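Each value in this text was obtained by applying a stated rule to the coordinates, not by laboratory testing. Remember, it's a predicted structure, so these values are computed and weren't measured experimentally. Using ideal geometry, Cβ is built from the backbone for each residue, glycine included, and neighbour counts are taken over all protein chains shown.
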Amino acid sequence: MLSKLHDFYLFCKNINLGFVLLFSVIVLTSLGLVVLASASLSFSQESSSIFNKQLMWLLMAIISGSVMVFIDLGKLRKFASLIAVGTAILLILVLVPGIGIRVNGAQRWLGIGFIRFQVGEFAKISLVFLLAHYLATNQRIIKTFIRGFCIPSMFIGCVCLLIILQPDFGTTFLCGCVGCGMLFLGGVRLRYLLPSLMGGIGLFFIAILLNPVRLRRLTSFLDIEGNKSDGAYQLWQGILAFAAGGLKGVGLGNGRQQMAFLPEAHTDFIFPIIGEELGLYFTLGVACFFLLIFIIGYMILRRIPDLFYFSLVIGSLLCITFQALINIGVVTGLLPTKGMSLPFISYGGSNLVVMFMLVGILLNALKTWSIQLLPQPSEL
C-alpha cells in the first residue's frame, strides 16, 4: 500500500513538471499571438490574414504536438531511416526549379495547395530522431572512429549541405550545433569532434565569404552604427525599439518600429517589438521562460536511463534553446544578423509546428519514464 502511494506521489510530481513545461509554452505562444496582432498592423489589410494564418498553424501545431506526446516513440524508432530518407528527398525537391518555392532569394518552401511549409524546419526533428536511433543502436562502439564518429557525422553533414544550398545559413548552423551536441553527450570522443567542428566552422565561414548578402551582414555587424543606413539597418532599428521601450514599454499598438521602420517585425525581429511595446520586464520574462524550459528539460534528462530517449530529449531541448539563444543574440546585436524565428512567438507555421512537436517529445519522455527506475519507499 505504501509503495502504491509513493508511486502515485511520484507520478503527480512528474505531472506537475509537465504542467510547468506546458504553462511556459502556453505563455510564450499567447504572448506571440498578442504581439503578432500588434506587429502586423503595418500590413494594414494583410494584418488579419497573417493573424488568422498563425491561428490555423497553431491548431496544426497543437495536433502535431499531441500526437508526439501519446505516440510510442520506441515503435516509431523502427522507421527512423525511412523518415530520414523521406526528409532528404523533400530537401532535394526544394532545390528543384519549379517545385521549390522561392521567396526573397531563398528557395526553402514546398507547397501543397494553399499551404506552404519549410522543409528545413522539419529536418531538425528528422536529424534528432535519426541520431538518437543511431547512438542508441551503436552505444557499445560509439567511441570508435568509423562507426562512432564518421557515420553519424555524415548524417549531419548531408542535412547541413542540403539546407545551406537553399540557402539557409541559420538553420544549417543550428543543425550543426545540435548534431555535435548530441554526439558529444552521446559518448563520441572529443578528440574526433573538435577538429571536425573547427573544420565545419571554417567551411561555414567560407560559404559566407562566397555569398555577398551574408558577407555584407557580417561586415555590417562589425560596425553597426556606421552601417545603420545600409547592411545593419534592421539591427539598428531593433536596438532603437529596445531603447524606446524602456522598463515598461510604450503600450501595445503604440510602437513605431513595426510601422514599416523595422522589416520582418512579425518574424525574425518580433523580440524588439516586445521590448518596445511591453518593456524590459516582458523581454526578461521571455528569457526566463526559455530558461525554465531548459531547466525542465534537464530535470527530465535526469530521469531517463535509456540512451534513445536520452538523446531524443537532448536533441529536442537543444533545438529549442539554441534557436531562442540565436534569435535573441541576433536582435540584441550579440550575433550577426541571420533569419531565424523566435520559438513559439514569431510568425511562421512550420517552425511553430516543429517547436510543438519537440515539446511533445519532451512530454512523451516525461510520461514514459515518470515511474520507472525511481526510488521506492524502501530505498529512501
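Taken along the Cα-to-beta-carbon direction at a fixed 7 Å, the label points for VAL34 and LEU93 span 4.0 nm. Placing +1 on each Lys and Arg Cβ and -1 on each Asp and Glu Cβ, with no other charges, gives the chain a dipole about its Cα centre of roughly 940 debye. Converting phi to 3J(HN,Hα) with the Karplus coefficients 6.51, -1.76 and 1.60 and the offset θ = phi - 60°, segment 148-160 yields x, 10, 5, 5, x, 5, 5, 4, 4, x, 5, 4, 5 Hz in sequence order, with x at every glycine or proline.
Inter-label distance, ASN254 to MET299: 3.7 nm, where each label sits 7 Å from its Cα along the C-beta direction. Between LEU161 and LYS78, the contour length at 0.36 nm per residue exceeds the Cα-Cα span by 27.3 nm.
Tell me, what is the FRET efficiency for PHE184 and CYS288 to the nearest 0.05, using R0 = 22 angstrom and their Cβ-Cβ distance as r? Working from the Cβ atoms, E equals 0.25. Between 0 and 90 degrees, the angle of helix 233-245 with respect to the longest Cα principal axis of the chain falls at about 80 degrees. Relative to the longest principal axis of the chain, what angle (0 to 90°, nearest 10) does the C-alpha long axis of helix 212-222 take? Approximately 90 degrees, to the nearest ten. Computed extension gain for PHE114 through MET198, at 0.36 nm per residue and net of the alpha carbon distance, reaches 26.1 nm. Near the amide H of ARG108, within less than 5 Å, lie the amide hydrogens of ILE101, VAL103, all on another chain or at least 5 residues away, with H placed in the peptide plane. Against the main long axis of the alpha-carbon atoms of the chain, helix 119-137 sits at an angle near 20°.
The number of Lys pairs in segment 7-379 with C-alpha atoms less than 23 Å apart, excluding pairs fewer than 8 positions apart on the same chain, is 9.
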